[in-house]
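Enquirer: Here you go, one structure.
What follows draws every value from the coordinates through simple rules; no lab data is involved. Keep in mind it's a predicted model, so treat the numbers as computed, not measured. We place every Cβ from the backbone using ideal geometry, glycine too, and count neighbours over all the protein chains shown.
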Amino acid sequence: MPDVLFSVFPNEQFIDLTLYQNGYEKCMPMHGFGPNVRNHFLFHYIISGKGTLRVNDTDMGHTEYHLSGGSGFLIEPGYVNHYWADKEDPWEYIWVEFGGLRANTYLETAGLSNTHPVYLPKSPEDGCALQKEMFAILGTEESSPLYQIGHLYLFMDILISTSQSQKRLLGGKLKEFYVREAVSYIEHHYAENITVEGLAQICKLDRSYFGKVFKSVVGQPPQEFLLRYRMEKAAEALMLTSSAIADISVSVGYANSLHFSRAFKSVYGISPREYRRKNKLMDGRRV
């Protein structure tokens, strides 16, 4: 196993999870990062050795966690964190940086957050399974983006199911029920003329209240979620198919191609044509 591995995943946006960077490192004594603030979620699994994680809270205080092999830790965006290897027995770890519309929900289900950042597997075998999946994400130079994002989903599934602090989702929680109804409708009808008023009617809620409920559960207004969902589907079509941009525009609910291009650029920062030029895949490989 080499001393340092590092790979960068293209800055794609997938509806649930997005992979930004990942890597492996065998640290030198006292080698550390921070204090700094991350823009995305960052999860480390410690293969061996020891180290310390210092997490700042909103009251300008901090908590230190002394960690060792067979455990992991989460760094949440927006908080100051600092972590370093032990002086006598420096840690070796593998890490993954990710985001996405549902990343926070998945992590909450695993019982992980800035206030509870430490992952402890239910058994050593579970920890090994998580480690194996993280190395699969790391992949090789020949690994395609689709291969890596697929293993990111598998990693998250293992993280949730093996965490000692896993939380059970309560299907009877009313707010979550309403949002699942709305999201399910969007997933099946995003090519149609969807409005917030229409979604609220489906859930049998007042429009204003529906908007507040949706944002409290998902973390963004329904208009933004719908926009991003449509643009994710458009991005996938641009990357994986040769369909005309006008046809892709219609397929995600935009009869006017100019309006579609503006919406796409508002999410990705570039036009649909430029996105396709940079990201088109052929046989699972980037052209």
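Enquirer: Excluding same-chain residues fewer than 8 positions from Lys265, which lysines have a Cα within less than 22 Å of its Cα?
Expert: Within the straight-line limit of under 22 Å, Lys265 reaches these lysines: Lys233, Lys278, Lys280.
Enquirer: While we're here: For n ≥ 4 DSSP H runs only, could you compute -39500 (n - 2.57) per run for the chain, divide by its residues and tell me the 222 nm figure to the nearest 500?
Expert: Working: 10 runs with 121 residues, N = 287.
Value at 222 nm, helices only: -13000 deg cm²/dmol.
Enquirer: Same structure, new question: Rank-order 186-197, 67-78, 132-143 by packing density, defined as the average count of other C-beta atoms within 10 Å over each peptide's residues, highest first. Show your work: numbers first, answer last.
Expert: Working: 186-197: 13.2, 67-78: 18.7, 132-143: 16.0.
By packing density, highest mean first, the sequence is 67-78, 132-143, 186-197.
Enquirer: Can you tell me what percent of all Cα-Cα pairs in the chain are more than 32 Å apart? Write out the running numbers ahead of the final one.
Expert: Numbers: 13875 of 41041 pairs.
Every Cα pair in the chain considered, those over 32 Å come to 34 percent.
Enquirer: Determine the dipole magnitude for the chain: charges of +1 sit on the beta-carbon of Lys and Arg, -1 on that of Asp and Glu, nothing else is charged, the reference point is the Cα centre, and the result goes in debye to the nearest 20.
Expert: It works out to roughly 920 debye.
Enquirer: Moving to a separate point now. Considering amide H positions built from the backbone, and no H for Pro or chain starts, which residues 5 or more places from Ile270, or on another chain, come under 5 Å of its amide H?
Expert: The answer is none.
Enquirer: At 15 angstrom or more along the helix axis (alpha-carbon based) and mean Kyte-Doolittle of -0.5 or higher, what helices does the chain contain? Whole DSSP H runs only. Show your work: numbers first, answer last.
Expert: Details: long enough: 124-138 (21 Å, 0.20); 145-162 (25 Å, 0.95); 174-189 (23 Å, -0.46); 207-218 (16 Å, 0.22); 222-240 (27 Å, -0.14); 257-268 (16 Å, 0.01).
Counting only whole DSSP H runs, the qualifying helices are 124-138, 145-162, 174-189, 207-218, 222-240, 257-268.
Enquirer: Tell me, what is the FRET efficiency for Tyr185 and Glu64 to the nearest 0.05, using R0 = 45 angstrom and their Cβ-Cβ distance as r?
Expert: Numbers: r = 46 Å, r/R0 = 1.02.
That gives a FRET efficiency of 0.50.
Enquirer: Over the Cα atoms of region 174-286, what is the Rg over Rh ratio if Rh follows Kirkwood? Mind dumping the intermediate values first?
Expert: Numbers: Rg = 15.4 Å, Rh = 14.9 Å.
In region 174-286, Rg relative to Rh is 1.03.
Enquirer: What does the extension gain come out to for Lys280 and Leu174, with contour length at 0.36 nm per residue minus their alpha carbon separation? Display every interim value, and only then the final one.
Expert: Details: separation 106, 0.36 × 106 = 38.16 nm, distance 4.14 nm.
Between Lys280 and Leu174, full extension yields an extra 34.0 nm.
Enquirer: So if I place +1 on the C-beta of Lys and Arg and -1 on the C-beta of Asp and Glu, and nothing else carries charge, what would the dipole magnitude of region 174-286 be about its Cα centre? I want it in debye, nearest 20.
Expert: Around 480 debye, computed over region 174-286.
Enquirer: Using the charge dipole of the chain (Lys, Arg: +1 at Cβ; Asp, Glu: -1 at Cβ; taken about the Cα centre), state which of Val267, His66, Pro145 has its Cα farthest towards the positive end.
Expert: Ranked along the dipole, the leading option is Val267.
Enquirer: Placing one identical point scatterer on every Cα of region 37-158 and ignoring solvent, what is log10 I(q)/I(0) from the Debye formula at q = 0.16, 0.17 Å⁻¹?
Expert: Summing over Cα pairs of region 37-158 leads to -0.79, -0.89.
Enquirer: Still on this structure, please answer the following. Can you list the residues, at least 5 places off or on another chain, whose amide H is less than 5 Å from the amide H of His62, using H built in the peptide plane?
Expert: Excluding prolines and chain starts, which carry no amide H, the hits are Asp57.
Enquirer: Label points 7 Å out from Cα along the Cβ direction at Gln166 and His31: separation in nm?
Expert: Those two pseudo-labels are separated by 3.3 nm.
Enquirer: Sticking with this structure for a sec: Straight distance only, please: which lysines reach the Cα of Lys204 with their own Cα at less than 27 Å, same-chain residues fewer than 8 apart left out?
Expert: Lys173, Lys175, Lys212, Lys215
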